[in-house]
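What follows is a set of notes on a single structure, which appears directly below.
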Amino acid sequence: MKRYLFSIACIVLIITFANCHVVKNKDIKKNEASILTDSALFYKVQQQTFQYFWTGAEPHSGMARERIHMDDQYPENDKNVVTSGGSGFGVMAILVGIERGFITREAGRIHLEKILQFLETADRFHGAWPHWWNGETGKVKPFSKYDNGGDLVETSFLIQGLLCVRQYFAKGNATEKKMAERIDTLWKAVEFDWYRNNQNVLYWHWSPNYGWKMNFAVHGYNECLIMYVLAASSPTHSVPATVYNEGWTENGKIKGSSSYGGYNLQLQYQGNPPQGGPLFWAHYSYLGLDPRGLKDKYADYGEENKNLTLINYQWCVNNPKKFKGYSENNWGLTASYSTEFYSAHAPNMENDLGVISPTAALSSFPYTPDKSMAAMKYWYANMKDKIWGEYGFYDAFSEQQNWFGKKYLAIDQGPIVVMMENYRSGLLWHLFTSCPEIQNGLKNVLGFSAPYLLD
């Protein structure tokens with residue numbers, strides 16, 4: 001009898017404990033992020049996003065696909081389209097994968113050599129690669145009617161990544177050193193000086209059929225600073241400081257002053273937006289180029305990027321257009337997929353469409369770590385069923401319009417992996433700025449200063 005009563009008591013205690021301490025099934029997903037530590041969630045997001053450039057890579061070339069749609073709503077033949085700029089971000093992500101143990105060093109090297117083989121034989125125009133190719137053939141796929149040749153901006157994003165790879169393997173074994181030498185050859189073949197079109201500015205495009213018809217002289221401030229840094233740093237096809245000062249900065253017109261929410265900007269952004277531009281302008285050039293303490297006579301770039309991010313955050317918190325869902329934990333406006341296909345979302349009344357892009361906050365970890373972490377935890381805990389998939393968070397969503405597209409873009413997934421790593425270890429910043437050519441171009445040609453520029 002005593003044993004019977006004891007058993008009943010145990011059962012009552014077990015049921016009571018379960019009711020007190022076990023989360024009900026309907027609440028498990030909502031509280032999943034609280035089960036993971038911040039570091040575990042950070043690792044999970046970085047690792048799963050990395051897979052875009054690993055398991056999601058185009059198999060023949062190893063390059064990053066321009067886009068991956070999990071709903072299979074691809075434009076015709078789009079699955080074979082690979083991207084130069086997105087692959088530049090991707091090769092940096094592969095280095096992160098090696099460092100974090102997502103893949104082995106040997107597996108990473110083999111994959112990178114496949115990419116190099118493709119780049120060495122694919123269509124190229126005065127050393128510059130096109131925006132898109134067919135990954136199976138290496139033949140250019142026109143980005144638009146007149147854009148079927150060299151794209152110097154996307155090439156610069158790719159070279160930025162390849163130089164990080166070169167530095168990573170330069171002191172390795174004989175096979176790795178050979179790979180670094182192959183990258184060096186590709187880098188030295190880019191004819192930055194030719195893309196001046198005999199003027200003191202760099203042009204974005206050139207076509208073998210239409211010449212300079214695109215007529216896109218690149219002036220700042222936008223995402224293209226890295227192109228001018230590389231052009232000034234090239235050991236074979238460099239440009240003088242006058243191209244930077246007259247072209248990029250338009251003889252100082254780049255200098256400006258604007259503010260929002262108590263945060264000040266030092267530069268005049270392209271299109272003159274009063275609250276700065278989309279957040280990818282604080283990411284793409286700075287995946288390798290370390291903005292911390294980086295200064296010239298126009299700006300302190302670390303401070304500029306931080307304030308641009310804080311303005312973006314504050315705009316979403318203030319939510320002047322009263323969109324559903326915006327909050328201190330749900331923020332981030334940048335160029336991404338949108339309810340109308342694609343848009344450069346930004347903190348102003350015209351370009352804020354009620355669309356949040358996770359890459360905006362996640363790629364801003366170096367600038368706003370607490371606010372970026374809060375957004376990541378919120379999305380994973382409360383919205384995972386709608387915005388999380390095989391390659392991490394989907395590209396964009398809108399609670400306002402109940403739109404949750406199951407789509408990814410290489411140029412948005414790559415910065416997440418890379419900038420999260422730069423926040424954690426500074427890996428890509430250390431690699432890129434260790435290049436002696438970059439040191440020389442920044443300091444001796446363009447007149448930049450930074451703590452990492454050697455005497």
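The values are calculated or read from the model by the stated rules, or taken from the named source; none is laboratory data. Since the model is a prediction, treat every value here as computed from it, not as a measurement. A quick note on method: Cβ atoms are made from the backbone with ideal geometry, for glycine too, and the neighbour counts reach across all protein chains shown.
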For region 254-261, state whether one or more residues are in contact (Cβ under 8 Å) with a residue 40 or more places away in the chain, surrounded by 18 or more Cβ atoms within 10 Å (Cβ to Cβ) and out of contact with any strand residue (DSSP E or B) (no Cβ under 8 Å at 6 or more places or on another chain). yes
State yes or no: is residue 176 out of contact with any Gly (no Cβ under 7 Å at 6 or more places or on another chain) and modelled with pLDDT of 95 or more? yes
Limited to region 430-444, what total is found for residues that are in contact with a Phe, Trp or Tyr (Cβ under 8 Å, 6 or more places away or on another chain) and over 25 Å from residue 99 (Cα atoms)? 1
Please enumerate the residues belonging to region 124-169 that are over 15 Å from residue 210 (Cβ atoms), in contact (Cβ under 8 Å) with a residue 40 or more places away in the chain and among the hydroxyl-bearing types (Ser, Thr, Tyr). 155, 156, 168
Does residue 89 satisfy the condition of being closer than 25 Å to residue 433 by Cα, surrounded by 19 or more Cβ atoms within 10 Å (Cβ to Cβ) and touching a Phe, Trp or Tyr at 6+ places or on another chain (Cβ under 6 Å)? no
Being modelled with pLDDT under 95 and either touching a strand residue (DSSP E or B) at 6+ places or on another chain (Cβ under 9 Å) or under 21 Å from residue 361 (Cβ atoms) (or both): is that true of residue 318 here? no
Take the residues in region 99-139 that are in contact with a Lys or Arg (Cβ under 7 Å, 6 or more places away or on another chain) and either assigned to a strand (DSSP E or B) or at pLDDT below 95 (or both), then tell me which one is surrounded by the fewest Cβ atoms within 10 Å (Cβ to Cβ). 134
Answer yes or no: is there a residue in region 341-362 that is free of Cβ contacts under 8 Å to residues at least 40 places away in the same chain, closer than 27 Å to residue 292 by Cβ and surrounded by fewer than 20 Cβ atoms within 10 Å (Cβ to Cβ). no
Would you confirm whether any residue within region 276-283 is among the aliphatic types (A, V, I, L, M), closer than 27 Å to residue 89 by Cα and assigned to a loop (DSSP other than H, G, I, E, B)? no
Considering only residues that are buried (at least 17 other Cβ atoms within 10 Å of the Cβ) and either of a type in the set (Asp, Glu) or over 25 Å from the mean Cα position of the chain (by Cα) (or both), look in region 174-192 and name the one that is farthest from residue 431 (Cα to Cα). 191
Specify the residue that is nearest to residue 43 (Cα to Cα); the eligible residues are those in region 369-382 that are among the aliphatic types (A, V, I, L, M) and buried (at least 21 other Cβ atoms within 10 Å of the Cβ). 376
Within region 366-424, of all residues that are in a loop (DSSP other than H, G, I, E, B) and among the small types (Gly, Ala, Ser), the one modelled with the highest pLDDT is 396
Given the residues 247, 293, 271, which is the only one that is part of a loop (DSSP other than H, G, I, E, B), touching a residue at least 40 places away in the same chain (Cβ under 8 Å) and either surrounded by fewer than 19 Cβ atoms within 10 Å (Cβ to Cβ) or of a type outside the set (D, E, K, R) (or both)? 293
Mind checking which residues of region 383-400 are of a type in the set (Asp, Glu) and farther than 21 Å from residue 93 by Cα? 385, 399
In region 334-352, residue modelled with the lowest pLDDT [restricted to those that are out of contact with any strand residue (DSSP E or B) (no Cβ under 6 Å at 6 or more places or on another chain) and not in a loop (DSSP other than H, G, I, E, B)]: 341
Kindly establish whether residue 331 is surrounded by 23 or more Cβ atoms within 10 Å (Cβ to Cβ), closer than 30 Å to residue 230 by Cα and of a type outside the set (Gly, Ala, Ser). no
One residue is enough: does region 214-231 have a residue meeting the conditions touching a residue at least 60 places away in the same chain (Cβ under 8 Å) and within 29 Å of residue 107 (Cβ to Cβ)? yes
